[in-house]
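See below for the structure under consideration.
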Amino acid sequence: MLDVLALHHQIHAMMSAHRDVRRRYDDQLARAQDTLGEWTARWRELVEKLAQSRTSWLVADDIHAPLQTTSPLPACPSPLTVIATDGSQIYPDRHEFASCYLINIGIVVLPYGTRESPMLHSQPRLFYRDEEISRIWNGKQVPVTSEIVAALRGAYEIDALAAHATHAAATPRPTVAMTDGTLILWQLEGKPKEFQHEILSVYLQSFEHFHAQQIPVMGYISQPGSADVINVLRVALCPENPTNCDRCPYKGREQELPCEPIAEVTDASLFAHILGRGERTQVFQSRSTILNEYGSHHIHFFYLNVGAELVRIEIPRWVAATPALLAQVHAVAYDQAQKGQGYPVSLSEAHEQAVIRSDERAQFYRILEQCYVREGVAVNLSRKALKKRTASI
(Lines give C-alpha, C1' and ligand atoms only; values in the text may rest on other atoms or scores of the structure.)
Protein backbone atom coordinates (compact mmCIF):
# COMPACT_ATOMS: atom_id res chain seq x y z
CA MET A 1 0.00 0.00 0.00
CA LEU A 2 1.32 3.42 -0.95
CA ASP A 3 1.39 6.07 1.80
CA VAL A 4 0.49 9.11 -0.30
CA LEU A 5 0.82 11.56 2.59
CA ALA A 6 4.36 10.40 3.31
CA LEU A 7 5.17 10.74 -0.39
CA HIS A 8 3.76 14.26 -0.77
CA HIS A 9 6.80 16.23 0.41
CA GLN A 10 9.13 14.04 -1.67
CA ILE A 11 7.12 14.93 -4.78
CA HIS A 12 7.51 18.64 -3.99
CA ALA A 13 11.26 18.15 -3.61
CA MET A 14 11.36 16.34 -6.94
CA MET A 15 9.53 19.23 -8.64
CA SER A 16 12.08 21.69 -7.31
CA ALA A 17 14.92 19.52 -8.59
CA HIS A 18 13.23 19.22 -11.98
CA ARG A 19 13.01 23.02 -12.27
CA ASP A 20 16.77 23.23 -11.75
CA VAL A 21 17.34 20.53 -14.37
CA ARG A 22 15.07 22.35 -16.82
CA ARG A 23 16.97 25.62 -16.38
CA ARG A 24 20.30 23.87 -16.93
CA TYR A 25 18.92 22.08 -20.00
CA ASP A 26 17.62 25.34 -21.50
CA ASP A 27 21.06 26.91 -21.03
CA GLN A 28 22.73 23.95 -22.74
CA LEU A 29 20.24 24.03 -25.61
CA ALA A 30 20.92 27.73 -26.18
CA ARG A 31 24.66 27.00 -26.29
CA ALA A 32 24.07 24.18 -28.79
CA GLN A 33 22.02 26.49 -31.02
CA ASP A 34 24.77 29.12 -30.89
CA THR A 35 27.40 26.53 -31.80
CA LEU A 36 25.27 25.32 -34.69
CA GLY A 37 25.03 28.86 -36.05
CA GLU A 38 28.76 29.48 -35.65
CA TRP A 39 29.64 26.46 -37.80
CA THR A 40 27.03 26.92 -40.54
CA ALA A 41 29.45 28.44 -43.04
CA ARG A 42 32.32 26.20 -41.87
CA TRP A 43 30.50 22.88 -42.06
CA ARG A 44 33.05 21.34 -44.46
CA GLU A 45 35.82 22.18 -42.00
CA LEU A 46 33.82 20.43 -39.28
CA VAL A 47 33.36 17.35 -41.49
CA GLU A 48 37.14 17.18 -41.97
CA LYS A 49 37.69 17.44 -38.22
CA LEU A 50 35.17 14.66 -37.60
CA ALA A 51 36.94 12.36 -40.05
CA GLN A 52 40.17 12.63 -38.05
CA SER A 53 38.64 12.58 -34.56
CA ARG A 54 38.24 9.73 -32.10
CA THR A 55 35.38 10.16 -29.66
CA SER A 56 33.95 8.10 -26.82
CA TRP A 57 30.42 8.82 -28.07
CA LEU A 58 28.59 8.23 -31.36
CA VAL A 59 28.67 11.06 -33.88
CA ALA A 60 26.54 11.46 -36.99
CA ASP A 61 28.40 10.69 -40.21
CA ASP A 62 27.96 11.25 -43.96
CA ILE A 63 27.24 14.96 -43.50
CA HIS A 64 26.82 16.55 -46.94
CA ALA A 65 25.36 19.98 -46.09
CA PRO A 66 25.08 22.39 -43.15
CA LEU A 67 23.57 20.56 -40.17
CA GLN A 68 20.39 22.65 -40.17
CA THR A 69 19.55 21.82 -43.82
CA THR A 70 15.91 20.76 -44.18
CA SER A 71 13.78 19.01 -46.81
CA PRO A 72 10.07 19.77 -47.38
CA LEU A 73 7.29 17.20 -47.14
CA PRO A 74 6.75 15.31 -50.44
CA ALA A 75 3.36 14.14 -51.64
CA CYS A 76 2.14 10.85 -50.18
CA PRO A 77 1.68 8.17 -52.87
CA SER A 78 -1.81 6.85 -53.60
CA PRO A 79 -2.81 4.09 -53.90
CA LEU A 80 -0.49 2.66 -51.27
CA THR A 81 -0.04 -0.29 -48.90
CA VAL A 82 1.44 0.25 -45.42
CA ILE A 83 2.57 -2.80 -43.47
CA ALA A 84 3.58 -2.72 -39.81
CA THR A 85 4.54 -5.18 -37.10
CA ASP A 86 5.00 -5.00 -33.36
CA GLY A 87 5.65 -7.61 -30.70
CA SER A 88 4.92 -8.55 -27.11
CA GLN A 89 5.96 -11.41 -24.88
CA ILE A 90 5.45 -13.42 -21.73
CA TYR A 91 8.91 -13.73 -20.24
CA PRO A 92 10.18 -16.90 -18.57
CA ASP A 93 9.10 -16.88 -14.92
CA ARG A 94 10.90 -19.19 -12.50
CA HIS A 95 8.02 -18.78 -10.04
CA GLU A 96 5.57 -20.39 -12.46
CA PHE A 97 5.16 -24.15 -12.87
CA ALA A 98 6.05 -24.29 -16.59
CA SER A 99 9.45 -23.47 -18.08
CA CYS A 100 8.45 -21.60 -21.20
CA TYR A 101 7.97 -18.22 -22.77
CA LEU A 102 5.72 -16.78 -25.46
CA ILE A 103 6.27 -14.23 -28.24
CA ASN A 104 3.27 -12.65 -29.96
CA ILE A 105 3.73 -10.72 -33.21
CA GLY A 106 1.04 -8.26 -34.31
CA ILE A 107 0.76 -7.69 -38.07
CA VAL A 108 -1.20 -5.00 -39.88
CA VAL A 109 -1.64 -4.52 -43.63
CA LEU A 110 -3.41 -1.26 -44.53
CA PRO A 111 -4.28 -0.67 -48.21
CA TYR A 112 -5.07 2.95 -49.13
CA GLY A 113 -6.80 4.18 -52.27
CA THR A 114 -8.35 0.78 -53.01
CA ARG A 115 -11.48 -1.12 -52.06
CA GLU A 116 -9.48 -3.79 -50.24
CA SER A 117 -10.07 -4.41 -46.54
CA PRO A 118 -7.25 -4.07 -44.02
CA MET A 119 -5.72 -7.19 -42.51
CA LEU A 120 -5.05 -7.29 -38.76
CA HIS A 121 -3.93 -10.41 -36.92
CA SER A 122 -1.35 -11.84 -34.55
CA GLN A 123 1.02 -14.79 -34.61
CA PRO A 124 1.75 -16.32 -31.18
CA ARG A 125 4.68 -18.68 -30.75
CA LEU A 126 5.38 -20.77 -27.65
CA PHE A 127 8.94 -21.76 -26.71
CA TYR A 128 9.38 -24.73 -24.40
CA ARG A 129 12.00 -27.13 -25.80
CA ASP A 130 15.24 -27.57 -23.89
CA GLU A 131 17.26 -25.78 -26.58
CA GLU A 132 14.76 -22.89 -26.48
CA ILE A 133 14.55 -22.30 -22.73
CA SER A 134 18.31 -22.41 -22.19
CA ARG A 135 21.27 -21.20 -24.23
CA ILE A 136 24.99 -21.80 -24.43
CA TRP A 137 26.31 -18.39 -23.40
CA ASN A 138 30.09 -17.89 -23.38
CA GLY A 139 30.60 -21.61 -22.98
CA LYS A 140 28.03 -22.03 -20.19
CA GLN A 141 24.45 -23.25 -20.37
CA VAL A 142 22.22 -20.53 -18.92
CA PRO A 143 18.43 -20.02 -18.72
CA VAL A 144 16.94 -17.72 -21.34
CA THR A 145 16.77 -14.16 -20.02
CA SER A 146 14.39 -11.31 -20.79
CA GLU A 147 17.19 -9.73 -22.83
CA ILE A 148 17.40 -12.80 -25.08
CA VAL A 149 13.61 -12.94 -25.46
CA ALA A 150 13.53 -9.26 -26.45
CA ALA A 151 16.16 -9.81 -29.13
CA LEU A 152 14.29 -12.84 -30.49
CA ARG A 153 11.05 -10.85 -30.53
CA GLY A 154 12.70 -8.15 -32.64
CA ALA A 155 13.94 -10.77 -35.10
CA TYR A 156 10.46 -12.29 -35.44
CA GLU A 157 8.96 -8.83 -35.94
CA ILE A 158 11.25 -7.97 -38.86
CA ASP A 159 10.87 -11.46 -40.34
CA ALA A 160 7.06 -11.20 -40.31
CA LEU A 161 7.28 -7.69 -41.76
CA ALA A 162 9.41 -8.92 -44.68
CA ALA A 163 7.15 -11.91 -45.35
CA HIS A 164 3.98 -9.81 -45.57
CA ALA A 165 5.69 -7.00 -47.48
CA THR A 166 6.93 -9.44 -50.10
CA HIS A 167 3.38 -10.72 -50.54
CA ALA A 168 2.04 -7.16 -50.87
CA ALA A 169 4.68 -6.36 -53.47
CA ALA A 170 2.74 -8.53 -55.94
CA THR A 171 0.35 -5.57 -56.34
CA PRO A 172 1.30 -2.66 -58.65
CA ARG A 173 0.99 0.00 -55.94
CA PRO A 174 3.89 1.09 -53.68
CA THR A 175 4.38 -0.72 -50.38
CA VAL A 176 6.07 0.79 -47.32
CA ALA A 177 7.08 -1.26 -44.26
CA MET A 178 7.21 0.15 -40.72
CA THR A 179 8.41 -1.19 -37.41
CA ASP A 180 8.42 0.42 -33.99
CA GLY A 181 11.87 1.30 -32.66
CA THR A 182 15.43 1.13 -33.87
CA LEU A 183 16.86 -0.95 -36.70
CA ILE A 184 20.29 -0.78 -35.05
CA LEU A 185 20.96 -3.89 -32.98
CA TRP A 186 23.15 -2.06 -30.48
CA GLN A 187 22.06 -4.49 -27.77
CA LEU A 188 24.04 -7.23 -29.54
CA GLU A 189 27.35 -5.45 -29.00
CA GLY A 190 29.48 -7.53 -26.65
CA LYS A 191 27.19 -10.57 -26.88
CA PRO A 192 28.47 -14.04 -27.94
CA LYS A 193 29.20 -14.25 -31.67
CA GLU A 194 26.80 -17.18 -32.14
CA PHE A 195 23.90 -15.17 -30.73
CA GLN A 196 24.88 -12.10 -32.76
CA HIS A 197 24.86 -14.21 -35.92
CA GLU A 198 21.49 -15.80 -35.08
CA ILE A 199 19.73 -12.45 -34.71
CA LEU A 200 21.66 -10.54 -37.36
CA SER A 201 21.06 -13.19 -40.01
CA VAL A 202 17.29 -12.74 -39.64
CA TYR A 203 17.54 -8.96 -39.98
CA LEU A 204 19.92 -9.05 -42.93
CA GLN A 205 17.89 -11.68 -44.77
CA SER A 206 14.77 -9.56 -44.23
CA PHE A 207 16.57 -6.46 -45.53
CA GLU A 208 17.57 -8.47 -48.61
CA HIS A 209 13.89 -9.29 -49.24
CA PHE A 210 12.95 -5.62 -48.91
CA HIS A 211 15.80 -4.58 -51.19
CA ALA A 212 14.99 -7.13 -53.88
CA GLN A 213 11.37 -5.92 -53.99
CA GLN A 214 12.34 -2.23 -53.66
CA ILE A 215 10.13 -1.93 -50.57
CA PRO A 216 11.41 0.81 -48.25
CA VAL A 217 11.53 -0.24 -44.60
CA MET A 218 11.79 2.16 -41.69
CA GLY A 219 12.26 2.06 -37.94
CA TYR A 220 10.04 4.72 -36.35
CA ILE A 221 11.38 6.06 -33.03
CA SER A 222 9.04 8.23 -30.97
CA GLN A 223 10.57 10.54 -28.33
CA PRO A 224 14.15 9.82 -29.45
CA GLY A 225 16.85 10.43 -26.88
CA SER A 226 19.80 10.09 -29.26
CA ALA A 227 22.44 12.79 -29.61
CA ASP A 228 24.51 11.84 -32.67
CA VAL A 229 24.21 15.34 -34.17
CA ILE A 230 24.73 17.07 -30.83
CA ASN A 231 27.93 15.03 -30.53
CA VAL A 232 29.09 16.54 -33.82
CA LEU A 233 28.73 19.95 -32.15
CA ARG A 234 30.65 18.65 -29.13
CA VAL A 235 33.54 17.91 -31.49
CA ALA A 236 33.15 21.46 -32.81
CA LEU A 237 33.49 22.80 -29.24
CA CYS A 238 36.66 20.80 -28.59
CA PRO A 239 39.79 23.03 -28.88
CA GLU A 240 41.88 20.01 -29.91
CA ASN A 241 42.25 19.17 -33.60
CA PRO A 242 41.83 16.33 -34.11
CA THR A 243 39.68 15.45 -31.12
CA ASN A 244 40.84 12.36 -29.22
CA CYS A 245 38.74 11.56 -26.16
CA ASP A 246 41.20 8.86 -25.03
CA ARG A 247 43.93 11.50 -24.71
CA CYS A 248 41.83 14.45 -23.61
CA PRO A 249 44.18 16.98 -21.93
CA TYR A 250 41.27 18.57 -20.05
CA LYS A 251 40.30 15.52 -18.00
CA GLY A 252 41.16 15.62 -14.32
CA ARG A 253 40.87 19.38 -14.10
CA GLU A 254 38.36 21.05 -11.83
CA GLN A 255 36.60 23.01 -14.57
CA GLU A 256 34.04 21.63 -16.99
CA LEU A 257 35.35 19.89 -20.11
CA PRO A 258 35.08 22.06 -23.25
CA CYS A 259 32.59 19.61 -24.81
CA GLU A 260 30.33 19.31 -21.75
CA PRO A 261 28.24 22.54 -21.98
CA ILE A 262 25.88 20.80 -24.44
CA ALA A 263 26.31 17.18 -23.32
CA GLU A 264 22.75 16.74 -22.00
CA VAL A 265 20.95 18.07 -25.10
CA THR A 266 19.23 15.68 -27.53
CA ASP A 267 19.06 15.95 -31.30
CA ALA A 268 15.27 16.25 -31.12
CA SER A 269 15.52 19.35 -28.92
CA LEU A 270 18.03 20.93 -31.28
CA PHE A 271 15.96 20.35 -34.42
CA ALA A 272 12.67 21.30 -32.75
CA HIS A 273 13.66 24.93 -33.36
CA ILE A 274 14.63 24.28 -36.99
CA LEU A 275 12.15 21.90 -38.58
CA GLY A 276 8.73 23.09 -39.69
CA ARG A 277 5.79 20.73 -39.67
CA GLY A 278 6.39 17.91 -42.16
CA GLU A 279 10.03 18.86 -42.74
CA ARG A 280 12.95 16.51 -42.18
CA THR A 281 16.68 16.94 -41.65
CA GLN A 282 19.29 15.73 -44.06
CA VAL A 283 20.02 12.01 -43.89
CA PHE A 284 22.86 11.06 -41.55
CA GLN A 285 24.76 7.82 -41.15
CA SER A 286 25.11 6.08 -37.78
CA ARG A 287 28.54 5.04 -36.52
CA SER A 288 27.26 2.31 -34.20
CA THR A 289 29.85 -0.48 -34.07
CA ILE A 290 27.36 -3.29 -34.74
CA LEU A 291 26.62 -1.73 -38.14
CA ASN A 292 29.97 -3.01 -39.38
CA GLU A 293 28.10 -6.31 -39.75
CA TYR A 294 25.27 -4.82 -41.86
CA GLY A 295 27.13 -4.47 -45.18
CA SER A 296 24.98 -2.71 -47.80
CA HIS A 297 22.18 -2.37 -45.23
CA HIS A 298 24.13 0.04 -42.99
CA ILE A 299 21.58 2.17 -41.15
CA HIS A 300 21.07 5.88 -41.86
CA PHE A 301 18.63 8.19 -40.10
CA PHE A 302 16.88 11.53 -40.19
CA TYR A 303 14.63 13.55 -37.89
CA LEU A 304 11.08 14.43 -38.90
CA ASN A 305 8.59 16.93 -37.48
CA VAL A 306 5.23 15.11 -37.45
CA GLY A 307 3.51 17.96 -35.62
CA ALA A 308 3.02 16.33 -32.23
CA GLU A 309 6.75 15.68 -31.83
CA LEU A 310 10.06 15.19 -33.60
CA VAL A 311 10.75 11.55 -34.40
CA ARG A 312 13.80 9.68 -35.60
CA ILE A 313 13.40 7.58 -38.74
CA GLU A 314 15.97 4.86 -39.47
CA ILE A 315 16.43 3.34 -42.93
CA PRO A 316 18.93 1.05 -44.69
CA ARG A 317 21.58 2.65 -46.90
CA TRP A 318 19.90 1.63 -50.16
CA VAL A 319 16.71 3.46 -49.13
CA ALA A 320 18.71 6.57 -48.24
CA ALA A 321 20.47 6.43 -51.62
CA THR A 322 17.25 6.11 -53.67
CA PRO A 323 15.41 9.47 -53.82
CA ALA A 324 12.03 7.92 -54.70
CA LEU A 325 12.16 5.46 -51.78
CA LEU A 326 13.42 8.13 -49.39
CA ALA A 327 10.51 10.38 -50.40
CA GLN A 328 8.05 7.53 -49.78
CA VAL A 329 9.42 6.97 -46.28
CA HIS A 330 9.30 10.71 -45.50
CA ALA A 331 5.73 11.14 -46.77
CA VAL A 332 4.31 7.92 -45.31
CA ALA A 333 5.87 8.41 -41.87
CA TYR A 334 4.27 11.86 -41.64
CA ASP A 335 0.93 10.76 -43.11
CA GLN A 336 0.65 7.77 -40.78
CA ALA A 337 1.34 10.01 -37.77
CA GLN A 338 -1.45 12.36 -38.88
CA LYS A 339 -3.87 9.47 -39.33
CA GLY A 340 -2.97 8.25 -35.84
CA GLN A 341 -3.28 11.69 -34.19
CA GLY A 342 0.45 11.98 -33.50
CA TYR A 343 1.61 8.37 -33.74
CA PRO A 344 1.42 6.11 -36.84
CA VAL A 345 -1.96 4.40 -37.04
CA SER A 346 -0.36 1.27 -38.52
CA LEU A 347 2.01 0.89 -35.57
CA SER A 348 -0.79 1.57 -33.08
CA GLU A 349 -2.91 -1.16 -34.65
CA ALA A 350 0.05 -3.56 -34.77
CA HIS A 351 0.61 -2.91 -31.06
CA GLU A 352 -3.04 -3.65 -30.31
CA GLN A 353 -2.71 -6.96 -32.13
CA ALA A 354 0.53 -7.83 -30.35
CA VAL A 355 -0.02 -6.72 -26.77
CA ILE A 356 -0.57 -9.41 -24.14
CA ARG A 357 -2.63 -7.92 -21.33
CA SER A 358 -2.54 -9.07 -17.71
CA ASP A 359 -5.82 -10.99 -17.98
CA GLU A 360 -4.55 -12.76 -21.12
CA ARG A 361 -1.34 -13.70 -19.33
CA ALA A 362 -3.39 -15.16 -16.47
CA GLN A 363 -5.56 -17.01 -18.99
CA PHE A 364 -2.43 -18.42 -20.66
CA TYR A 365 -1.21 -19.91 -17.39
CA ARG A 366 -4.69 -21.23 -16.54
CA ILE A 367 -4.80 -23.08 -19.85
CA LEU A 368 -1.34 -24.51 -19.21
CA GLU A 369 -2.35 -25.57 -15.71
CA GLN A 370 -5.50 -27.30 -16.97
CA CYS A 371 -3.49 -29.18 -19.60
CA TYR A 372 -0.92 -30.25 -17.01
CA VAL A 373 -3.65 -31.55 -14.69
CA ARG A 374 -5.44 -33.34 -17.53
CA GLU A 375 -2.20 -35.08 -18.50
CA GLY A 376 -1.44 -36.01 -14.90
CA VAL A 377 1.62 -33.77 -14.65
CA ALA A 378 2.32 -32.26 -11.23
CA VAL A 379 1.83 -28.49 -11.02
CA ASN A 380 4.33 -26.89 -8.65
CA LEU A 381 4.12 -23.16 -8.05
CA SER A 382 6.62 -21.20 -6.00
CA ARG A 383 5.39 -19.71 -2.71
CA LYS A 384 5.62 -16.27 -4.33
CA ALA A 385 3.37 -17.29 -7.23
CA LEU A 386 0.89 -18.94 -4.87
CA LYS A 387 0.74 -15.81 -2.73
CA LYS A 388 -0.05 -13.69 -5.80
CA ARG A 389 -2.94 -15.98 -6.73
CA THR A 390 -4.59 -16.08 -3.30
CA ALA A 391 -6.15 -13.36 -1.19
CA SER A 392 -4.42 -12.14 1.96
CA ILE A 393 -5.95 -10.87 5.16
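The residue that is nearest to the chain's Cα centre (by Cα), counting only those in the stretch 150-185 that are in a helix (DSSP H, G or I) and closer than 13 Å to PRO216 by Cβ, is LEU161.
ALA163: within 26 Å of PHE210 (Cβ to Cβ) and either assigned by TED's automatic domain parsing to the domain that holds VAL329 or touching an Asp or Glu at 6+ places or on another chain (Cβ under 8 Å) (or both), yes or no? In short, yes. Within the stretch 56-67, is there a residue that is in contact with a helix residue (DSSP H, G or I) (Cβ under 6 Å, 6 or more places away or on another chain), modelled with pLDDT of 95 or more and over 24 Å from THR182 (Cβ atoms)? Yes: the stretch 56-67 contains one or more residues that are in contact with a helix residue (DSSP H, G or I) (Cβ under 6 Å, 6 or more places away or on another chain), modelled with pLDDT of 95 or more and over 24 Å from THR182 (Cβ atoms). Criterion applied to ARG287, ARG361 was being part of a helix (DSSP H, G or I), of a type in the set (Lys, Arg), in contact (Cβ under 8 Å) with a residue 60 or more places away in the chain and surrounded by fewer than 23 Cβ atoms within 10 Å (Cβ to Cβ), and the one residue passing it is ARG361. Among the residues of the stretch 120-132, are any modelled with pLDDT under 95, touching a strand residue (DSSP E or B) at 6+ places or on another chain (Cβ under 9 Å), polar (S, T, N, Q) and not in a helix (DSSP H, G or I)? No; the residues of the stretch 120-132 include none that is modelled with pLDDT under 95, touching a strand residue (DSSP E or B) at 6+ places or on another chain (Cβ under 9 Å), polar (S, T, N, Q) and not in a helix (DSSP H, G or I).
Residue-wise test of (1) outside any helix (DSSP H, G or I); (2) in contact (Cβ under 8 Å) with a residue 12 or more places away in the chain; (3) closer than 30 Å to GLU116 by Cβ; (4) more than 25 Å from the chain's Cα centre (by Cα).
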position	(1), (2), (3), (4)
LEU2	yes, no, no, yes
MET15	no, no, no, yes
ASP20	no, no, no, yes
LEU73	yes, yes, yes, no
PRO77	yes, yes, yes, yes
VAL82	yes, yes, yes, no
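Scanning the stretch 225-281 for residues that are of a type in the set (Ser, Thr, Tyr) and outside any loop (DSSP other than H, G, I, E, B) returns SER269, THR281. All conditions but one from (1) out of contact with any helix residue (DSSP H, G or I) (no Cβ under 6 Å at 6 or more places or on another chain); (2) surrounded by fewer than 20 Cβ atoms within 10 Å (Cβ to Cβ); (3) more than 19 Å from ASN292 (Cα to Cα) apply to SER201; the one that does not is (3). Look at (1) in a loop (DSSP other than H, G, I, E, B); (2) farther than 25 Å from TYR334 by Cα and you find that GLU198 fails only one, number (1).
The values are calculated or read from the model by the stated rules, or taken from the named source; none is laboratory data. A quick note: this is a predicted structure, and the numbers were derived from the prediction, not measured. Please note: Cβ atoms are built from the backbone with ideal geometry, for glycine as well, and neighbour counts cover all protein chains shown.
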